[in-house]
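Written out below as structure tokens is the structure these notes cover.
The values are calculated or read from the model by the stated rules, or taken from the named source; none is laboratory data. Every value quoted in this text rests on a predicted model; they were computed, and no experiment measured them. Here the Cβ is made from the backbone with ideal geometry for all residues, glycine too, and neighbour counts use every protein chain on show. For the accessible areas, the whole protein counts, side chains as well, though only heavy atoms, and no ligand, DNA or RNA atoms are used. Shrake-Rupley method; radii C 1.70, N 1.55, O 1.52, S 1.80 Å.
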Amino acid sequence: NHGTGKHADEATNLVRDYCREHGLDLAVGWNGKKMPDGVSAEAWWREQRYKFFEDVTDLPVITAHHLGDVVENWIFTSLNGNPFLIPYRRDQYLRPFLTTEKSNLESWCNRKEVPYIVDPSNIDTKYRRNYIRHIMMPHVEKINPGIRKTIKKKLINSFKHSCKEDIL
């Protein structure tokens with residue numbers, strides 16, 4: 001829980017209720033630290049999440065990063081001079097949905113009656129990733145309607161390369 005008010009508490013309650021109803025273990029942490037001045041909120045929250053997971057478990061942590069996240073991240077990092085694809089695995093973090101469209105994940109949740117909540121900060125374009133998502137992506141897709149297919153292909157090729165390294 002990032003301690004960002006009403007939404008953070010609603011999300012915590014939603015997950016807590018779901019886990020309780022389905023007999024799943026849950027560890028909840030609250031970020032009570034003050035964000036330093038001049039730090040990106042996105043980077044700060046991500047860093048705090050990773051610290052929490054490292055303190056709580058050494059088991060794999062599965063994230064729901066999806067193809068839209070990969071494309072947006074690639075554009076973001078390209079604009080900063082270092083094009084980067086989100087890796088399938090980093091340490092204990094696994095991202096099995098990187099080639100999956102967000103709409104497919106939402107559809108699955110709806111069909112299986114798995115509740116989810118949308119963070120209202122995800123529409124706030126003051127955050128750079130949201131600016132890319134909501135303002136830039138429609139223009140990028142006009143210039144290159146196949147951008148998702150292109151990035152997905154690059155991603156699959158990177159998986160093949162990393163799998164070979166794991167075998168060696």
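Observations on the model:
- Residue within region 142-150 that is aliphatic (A, V, I, L, M), modelled with pLDDT of 95 or more, open to solvent by 80 Å² or more (accessible area, probe 1.4 Å) and out of contact with any strand residue (DSSP E or B) (no Cβ under 9 Å at 6 or more places or on another chain) present: yes
- Annotation note: Cβ proximity below 8 Å between a residue of region 101-130 that is at negative phi and a residue that is among the charged types (D, E, K, R) and assigned to a loop (DSSP other than H, G, I, E, B) (sequence gap 6+ or interchain) occurs for N130/D124.
- Considering residues of region 54-76 that are of a type outside the set (A, V, I, L, M, F, W, C) and farther than 18 Å from R89 by Cβ only, the residue modelled with the lowest pLDDT: D55
- Entry remark, region 39-74: residues being open to solvent by less than 40 Å² (accessible area, probe 1.4 Å) and within 15 Å of the chain's Cα centre (by Cα) number 14 in total.
- Whichever residue in region 89-113 is in a loop (DSSP other than H, G, I, E, B), more than 13 Å from the chain's Cα centre (by Cα) and of a type in the set (D, E) and, among such residues, is farthest from R49 (Cα to Cα): E113
- Test: residue in region 121-132 that is surrounded by 13 or more Cβ atoms within 10 Å (Cβ to Cβ) and outside any helix (DSSP H, G or I): yes
- Pairing each residue of region 29-53 that is within 21 Å of L94 (Cβ to Cβ) and at pLDDT 85 or above with any residue that is open to solvent by 40 Å² or more (accessible area, probe 1.4 Å) and part of a helix (DSSP H, G or I), provided the two are 6+ apart or on different chains, yields C-beta distances under 6 Å for G29/F52.
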